[in-house]
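Colleague: Below: one structure in structure tokens.
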Amino acid sequence: MGLRPAFAALLMTMLAASDLAAQPAAKPVENVTVTGARTRQAIEGFVQSLATPTRAADKVARWEDGICPVLVGLKHQFATFITQRVKDVAAQAGAPVNAKAGCIPNIAIVFTTKPQGLLDSMKKKQPGLLGYYDTLAQRDQLATVTHPIQAWYTTATRDLRGNIQIDGGKTVGTGLDITFACEPPMMGMCTIHLSNAHGGTVTGTRLGDGMRSELYDVVIVANPDRLVEYEMGPLADYIAMLALAETGSPDACQPLASILNLLAANCANPPNGLTDNDLGYLTALYKMSPDRTVQVQRDEMAYQMQQSLAGH
């Protein structure tokens, strides 16, 4: 359904356009235990900085279907190393993994020395893969490459009955007809058609309406020309973090030590691998209640993360 054909087309484009000139050296991956101050306030700040709700349902998105990563633009052994690392981190965090051979990819990772050219093509041919946008100006901004490694997220909303709608400024479908009592001097019932709307079954409660946001497709683009000084292990962990949570590529240092500080400017002593904070965050993400309000979700994640880190 939805964007799967477009995602497959993007993969073909990536295979045709992959032009890697330099291969980062593969190094062992090490998890880093960070012993800095982890007060509840610091943990809440970390969660607040990363747990961005979707625009459609205002919920924090995560994978509900098993992840199936694919990578192009690197030699086979490096591609296997990174995709396996993404699946290993997912398993550690409690995220679903599609272990079937030949599974349909939903995470596309491409290494290319011409990332903007790839995004220009994606904007023209498969703009839905850029994520949610309302205007052409927003679309153009989304399609701009600004980081050495950058991710684009397609999210979807699942209602109480399990019906899925891909998030976007233009709703896929026939729209909705709303019928109501006409205002005087008109008599009887009036109907208006909302072309950009769809229905969903909800609970009607304040703490959780039964709607949930989920990751549907993720595209991650890396420019090897800007990554020559980094080892393969940290890069694989950075990509895993982007692939499993809608965190984006932050410009500022995180309030707790994180692999996301690897490429952020002016971060002192960035870790050389996924930290306990990162794994604590991902574990909390996949334990939270997916149908709660975003504030309840963040509170749950902060609590779960604090419990996870208590033993470290």
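Colleague: So N266 passes all but one of these: (1) in contact with a strand residue (DSSP E or B) (Cβ under 8 Å, 6 or more places away or on another chain); (2) within 26 Å of V228 (Cα to Cα). Which condition number does it fail?
Modeller: (1)
Colleague: May I pose another question? Could you grab me the full set of residues in the stretch 109-139 that are under 29 Å from N261 (Cβ atoms), surrounded by fewer than 20 Cβ atoms within 10 Å (Cβ to Cβ) and either small (G, A, S) or out of contact with any Asp or Glu (no Cβ under 6 Å at 6 or more places or on another chain) (or both)? Before the answer, list the steps.
Modeller: Here is the first cut: in the stretch 109-139, the residues under 29 Å from N261 (Cβ atoms) are 109-119, 122, 129-133, 138.
Adding the requirement that they be surrounded by fewer than 20 Cβ atoms within 10 Å (Cβ to Cβ) leaves 113-114, 116-117, 132-133, 138.
If the condition is that a residue be under 29 Å from N261 (Cβ atoms), surrounded by fewer than 20 Cβ atoms within 10 Å (Cβ to Cβ) and either small (G, A, S) or out of contact with any Asp or Glu (no Cβ under 6 Å at 6 or more places or on another chain) (or both), then K114, Q116, G117, Y133, Q138 are the ones that fit.
Colleague: Sticking with this structure for a sec: Looking at (1) buried (at least 23 other Cβ atoms within 10 Å of the Cβ); (2) modelled with pLDDT of 95 or more; (3) in a loop (DSSP other than H, G, I, E, B), find the lone condition where A236 falls short.
Modeller: (3)
Colleague: May I ask you to say which residue of A108, A56, A90 is modelled with pLDDT under 95 and of a type in the set (G, A, S)? If you could, list the steps in order and put the result at the bottom.
Modeller: Working: A108 fails: modelled with pLDDT under 95; A90 fails: modelled with pLDDT under 95.
The match here is A56.
Colleague: Mind listing just one residue for me: the one in the stretch 261-292 that is of a type in the set (A, V, I, L, M, F, W, C) and free of Cβ contacts under 8 Å to residues at least 24 places away in the same chain and, of those, surrounded by the fewest Cβ atoms within 10 Å (Cβ to Cβ)?
Modeller: Just the residues of the stretch 261-292 that are of a type in the set (A, V, I, L, M, F, W, C), to begin with: 262-265, 267-268, 274, 279, 282, 284-285, 288.
Narrowing further to those that are free of Cβ contacts under 8 Å to residues at least 24 places away in the same chain: 264-265, 267-268.
On the way: A264: 16, A265: 9, C267: 17, A268: 6.
Per the criteria, the residue is A268.
Colleague: Does the stretch 245-287 hold any residues that are assigned to a helix (DSSP H, G or I) and in contact with an Asp or Glu (Cβ under 9 Å, 6 or more places away or on another chain), and which are they? Outline the logic, then answer.
Modeller: Step one: of the stretch 245-287, the residues assigned to a helix (DSSP H, G or I) are 259-261, 276-285.
I259, L260, D278, A284, listed by residue number.
Colleague: Can you confirm whether the stretch 252-259 contains a residue that is free of Cβ contacts under 8 Å to residues at least 40 places away in the same chain and either touching a Ser or Thr at 6+ places or on another chain (Cβ under 8 Å) or within 18 Å of A93 (Cα to Cα) (or both)? First the steps, then the outcome.
Modeller: Taking the stretch 252-259 as the starting set, the residues that turn out to be free of Cβ contacts under 8 Å to residues at least 40 places away in the same chain are 252-253, 259.
So of that shortlist, the ones also either touching a Ser or Thr at 6+ places or on another chain (Cβ under 8 Å) or within 18 Å of A93 (Cα to Cα) (or both) come out as 259.
Yes, because at least one residue in the stretch 252-259 is free of Cβ contacts under 8 Å to residues at least 40 places away in the same chain and either touching a Ser or Thr at 6+ places or on another chain (Cβ under 8 Å) or within 18 Å of A93 (Cα to Cα) (or both).
The rows are residues; the columns are (1) touching a Lys or Arg at 6+ places or on another chain (Cβ under 8 Å); (2) in a loop (DSSP other than H, G, I, E, B); (3) modelled with pLDDT under 65.
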{"site": "L15", "(1), (2), (3)": "no, no, yes"}
{"site": "V47", "(1), (2), (3)": "yes, no, no"}
{"site": "V70", "(1), (2), (3)": "no, no, no"}
{"site": "T83", "(1), (2), (3)": "no, no, no"}
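Colleague: Would you pick out the residues in the stretch 90-143 that are under 23 Å from H76 (Cα atoms), touching a residue at least 40 places away in the same chain (Cβ under 8 Å) and in a helix (DSSP H, G or I)? Let's see the steps before the verdict.
Modeller: Quick first cut of the stretch 90-143, residues under 23 Å from H76 (Cα atoms) only: 90-91, 97-115, 118.
Okay, now just the ones that are also touching a residue at least 40 places away in the same chain (Cβ under 8 Å), so 90, 104-115, 118.
Those that are under 23 Å from H76 (Cα atoms), touching a residue at least 40 places away in the same chain (Cβ under 8 Å) and in a helix (DSSP H, G or I): A90, P115, L118.
Colleague: Output yes when any residue across the stretch 243-256 is among the small types (G, A, S), within 18 Å of K59 (Cα to Cα) and surrounded by fewer than 24 Cβ atoms within 10 Å (Cβ to Cβ), and no when none is.
Modeller: The first filter runs over the stretch 243-256 and keeps only residues among the small types (G, A, S), leaving 243, 245, 248-249, 252.
With within 18 Å of K59 (Cα to Cα) added as a condition, the list becomes 243, 245, 248.
Filter again for surrounded by fewer than 24 Cβ atoms within 10 Å (Cβ to Cβ), leaving 248.
Yes, because at least one residue in the stretch 243-256 is among the small types (G, A, S), within 18 Å of K59 (Cα to Cα) and surrounded by fewer than 24 Cβ atoms within 10 Å (Cβ to Cβ).
Colleague: Is there any pair with a first residue in the stretch 225-238 that is in contact (Cβ under 8 Å) with a residue 60 or more places away in the chain and a second that is of a type in the set (D, E, K, R) and assigned to a helix (DSSP H, G or I) whose Cβ atoms are under 8 Å apart and which are 6 or more apart or on different chains, and what are they?
Modeller: Here the result reads A236/R85; D237/R85; D237/D278, each pair linking the stretch 225-238 to a residue that is of a type in the set (D, E, K, R) and assigned to a helix (DSSP H, G or I).
The values are calculated or read from the model by the stated rules, or taken from the named source; none is laboratory data. The structure displayed is predicted, hence computed values, not measured ones. Counting neighbours? That spans all protein chains shown, and the Cβs are built from the backbone with ideal geometry, glycine included.
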